[in-house]
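Below is one structure; the comments refer to it alone.
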Amino acid sequence: MSSYNERMIIANKLQTPLIFITAAILIFNMTQRRHIEHGQKKRFASLFLAGIVLLMYLFAALIDRLFLNDYLLIPAAVILISAIIIKRNFFFPYKFRCTSCGKKLSIKKILYYDEPVCTGCSEKLENQVLHVDSYEWDFWEPTEKAVLCFVIDNNQILLIHKKTGLGAGKINGPGGRIDPGETPLKAAIRETTEETGITPINPVQRADLSFVFTNGYSLHGSAFITEKWQGTLTETDEANPFWCPLEEMPWDQMWEDDPLWLPKVLDGKYASGRFIFDEDAMLSHWIKISDPKK
């Protein structure tokens, strides 16, 4: 085996700058938390970018410690760089100009706000967002994506008293945000299990829902339904689950949009909906009911 001095020392020299880059990104991520209400997508992007750089550091450290050939850095770098390129819209969601008028954005808007619009266009958007028919859905990208899952058994439906997050204090179906790289189906099963102890079996999607809030937050939701499940109903830190007779749905304690589409879904239909909310008050909506997708 070649001695340390006879080897190329790229792996050794890379470690220090990679650590500093990782630290710098994490410090930047901490500053983003001050603007979490407006820039959660960018906060997650910087966090995962730090993870990619840290992985490169670990590859370099492993090569250095084991006295391996520095050329092994090449496939490692190719894999990580390819992942960044493929998911570049996730890792680098930073726009330098307003997507509405083309005006150069401020540094604060570039680094901390998910919506790539200038202040003037943002005010216009707030006025436009008051009605679902005037909103530019063709250019819409949700801040987050989430799921709901409704389990039906013996004319009862599994619901939760939500304790945390969006809609805390309301009654809803189990669900939550989709993790990076996760499919809506897997998220529906995982979230239901985590919140209730019940694991849904073979749920099928029965609704496609888009929500825009006047504060700039937006959400795309996929709702699933199933009659098969396993597990034991358990209260968790996120939710207090309970079985509710279908004829006793607590609509007055649920989101305003739920009575408009959920009964149709429970009757076997497929619902597509768009909704405008000001906090928890629904301002306008559009709903299409159709036969289930096959």
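The values are calculated or read from the model by the stated rules, or taken from the named source; none is laboratory data. Given the structure is predicted, the values throughout are model-derived calculations rather than measurements. Cβ atoms come from the backbone with ideal geometry, glycine included; neighbour counts cover every protein chain shown. Areas reflect the complete protein model, heavy atoms only, side chains present, ligands, DNA and RNA absent. Shrake-Rupley method; radii C 1.70, N 1.55, O 1.52, S 1.80 Å.
Laid out as a table, the results:
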item	result
Complete set of residues in the stretch 72-115 that are touching a residue at least 24 places away in the same chain (Cβ under 8 Å), within 20 Å of R33 (Cα to Cα) and open to solvent by less than 80 Å² (accessible area, probe 1.4 Å)	F90, F91, P93, Y94, L111, Y112, Y113, D114, E115
Members of the stretch 141-154 that are open to solvent by 40 Å² or more (accessible area, probe 1.4 Å) and closer than 26 Å to N89 by Cα	E141, K145
Boolean, F59 is under 23 Å from A24 (Cβ atoms), without any contact (Cβ under 8 Å) to a residue 60 or more places away in the chain and either surrounded by fewer than 12 Cβ atoms within 10 Å (Cβ to Cβ) or hydroxyl-bearing (S, T, Y) (or both)	no
